[in-house]
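Take a look at the structure below.
The values are calculated or read from the model by the stated rules, or taken from the named source; none is laboratory data. What you see is a predicted model; the values in this text were computed from it and never measured. Because the Cβ atoms are built from the backbone with ideal geometry, glycine has one as well, and the counts that use them run over all protein chains shown. We work out accessible area using only protein heavy atoms, side chains counted, and drop any ligands, DNA or RNA first. Shrake-Rupley method; radii C 1.70, N 1.55, O 1.52, S 1.80 Å.
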Amino acid sequence: MSHLSPFDLVNLSQTCRTLHEYSQLHHVWHNALLKHRFLPKSYPHLRNASTNIIRRQLITTARIDKAYSQGSLKPIKSYSFPIDVPGQLLGLRFLPGGKWLVLLFHSRTLNPARHSNICLFKPPLASSPSDSTPTSVTLQSEWCWLSFSSLDGPYKSSRGDDLMLLRTFVKNKRTFAVCHLDTKTPSLKITYMFHTTVFIRNYTAAGDYIAYGWITDDRKHMLRVMKLNEDYTTLVKDFTVEIDCPPGHDGKLRIHYDLHLAGKTPRVLLISTRLMAAYDISDMTLTSESLPLRIQPVWKHMPTGISFGRILQMFHEGAIVTLYEGKIRFIYPEIDDAKPNSQTAAIYSFPHPKPQSSKWPAYFESQRIFWLLRLPGPLPAATSSRPLIETAMLPSPQGEDCDVERVLVDHEDLTSTSGCSVCVTSIVQDWDELSGRLCVRHGKSKFPQDHSWRKLSWHITIMDMV
């Protein structure tokens, strides 16, 4: 059974009662999870999940991969609903699993003091009529939070809870907060906050860890790492270290951080256009209490040329998508590999984008990449008014040099379903790998002569790919 794919395991379980009982054993599906190309690395919480959750997730991901092998990716179901927020919409994200959405908006009418509101809700058509649990809850925050970024989550803790990082900047002081998104009650609660006055180069949050880095006046690259306790209210670890990196990483070079929590030892990843490096943050590195330790990279990869190229986006576990010499490249660091400084790289010869198309990929998550294109010119009116979405899977099974065509997401009924036939803007909002759901946000001006962001009516379309 350890040599079989998830689909083969399901077929085997339907042959006889004995094999069905063997196919329900936890280690059978746990071994299949550990061999998957990205699930145990991108979603470490699955390692401690029950057998049914692991089995269902592997089958769902296999169905998504099979759908990507077709020339056209057609949603099996799509539905839409309006979002009428009395203020400015600043962010909308799936919780891992795709059943809940978290929404951030500012409203001086509802919350005049700070006007930041966080709403946790189930999409209307995703709610079960027999389920009596409330499907929405709103938190009126005492802080004015900035809009969501790709670094903020939501993400899973080591215990499988949904967390999100909130941030703001007031009077040269940067404030971060951990928000616990409880879908069982449901409830929203800010459990922990911290402040800093240093100029943060970048930050990251994953599992129970939060890390951010800065450069001191004497050009030292410092990193603060924090670990939350079981109820996310206090810190069980809080230490600052100096990290050793090549010249140039203590200046204006753009730095990215990430956390590698899938292996036996937690590590912080430093990513730039000239370096990918991993640093051990286990207890063994904390032997001094007087001065911050200077830690050396345990894994390092540098480009063969001048740089990796322009970093378009980072995946989980330090995987990056770059644009270099007109080609899109995918690089994934193999930190736990037996070979030193090994990595997986794939080069994609995508067609050169037209000037009217979106030049850069619009959204990435869990090694899938999405473009939102509005094709111009002499096309039928029904087609030219409909935004087209293209997508591709990274890395491709073909190998290093991949002449992979982008897959068109066929959503012919999207315009009529959304109720927003003439949209002034369409945004690929979010993709949830665990459920295979894509969220697209459509905005239409409430007033024909005013297309400002504050005066848009929003419709959300959710497409189930499997």
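Computed values, structure above
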item: For ALA206: the one exception among (1) crowded, with 18+ Cβ neighbours inside 10 Å; (2) hydrophobic (A, V, I, L, M, F, W, C); (3) not assigned by the TED database to the domain that holds TYR279; result: (3)
item: Residue count, region 46-61 (criterion: assigned to a helix (DSSP H, G or I) and either without any contact (Cβ under 8 Å) to a residue 60 or more places away in the chain or not polar (S, T, N, Q) (or both)); result: 10
item: Filter result (loosely packed, with under 13 Cβ neighbours inside 10 Å and not in a loop (DSSP other than H, G, I, E, B)) within region 150-183; result: PHE169, VAL170, LYS173
item: When residues of region 307-332 are limited to those that are in contact (Cβ under 8 Å) with a residue 24 or more places away in the chain and over 23 Å from the mean Cα position of the chain (by Cα), the one most open to solvent (accessible area, probe 1.4 Å); result: GLY326
item: Odd one out for SER78, checked against (1) at pLDDT 90 or above; (2) in contact with a Ser or Thr (Cβ under 6 Å, 6 or more places away or on another chain); result: (1)
item: Of all residues in region 17-45 being assigned to a helix (DSSP H, G or I) and polar (S, T, N, Q), the one that is farthest from TYR155 (Cα to Cα); result: THR18
item: Answer from THR234, THR196, THR287 - the residue that is open to solvent by 40 Å² or more (accessible area, probe 1.4 Å) and either of a type in the set (A, V, I, L, M) or at pLDDT 90 or above (or both); result: THR234
item: Long-range neighbours under 8 Å by Cβ, at least six apart or interchain, first residue at positive phi and without any contact (Cβ under 8 Å) to a residue 12 or more places away in the chain within region 17-45, second open to solvent by 80 Å² or more (accessible area, probe 1.4 Å) and not aromatic (Phe, Trp, Tyr); result: none
item: All positions within region 1-31 that are surrounded by fewer than 20 Cβ atoms within 10 Å (Cβ to Cβ) and closer than 28 Å to GLN343 by Cβ; result: SER2, HIS3, SER5, HIS30, ASN31
item: Filter result (outside any helix (DSSP H, G or I) and either free of Cβ contacts under 8 Å to residues at least 40 places away in the same chain or farther than 17 Å from ARG63 by Cβ (or both)) within region 1-16; result: MET1, SER2, HIS3, LEU4, GLN14, THR15, CYS16
item: Selected residue (only one of PHE105, PHE94 is open to solvent by less than 70 Å² (accessible area, probe 1.4 Å), of a type in the set (Phe, Trp, Tyr) and without any contact (Cβ under 8 Å) to a residue 24 or more places away in the chain); result: PHE105
item: Residues of region 63-82 classified as under 13 Å from MET393 (Cα atoms), open to solvent by less than 70 Å² (accessible area, probe 1.4 Å) and touching a helix residue (DSSP H, G or I) at 6+ places or on another chain (Cβ under 9 Å), total; result: 1
item: Scope region 214-268; condition more than 22 Å from the chain's Cα centre (by Cα), in contact (Cβ under 8 Å) with a residue 60 or more places away in the chain and not in a loop (DSSP other than H, G, I, E, B); matching residues; result: MET222
item: Residue in region 34-62 that is most open to solvent (accessible area, probe 1.4 Å), counting only those that are of a type in the set (Lys, Arg) and modelled with pLDDT of 90 or more; result: ARG56
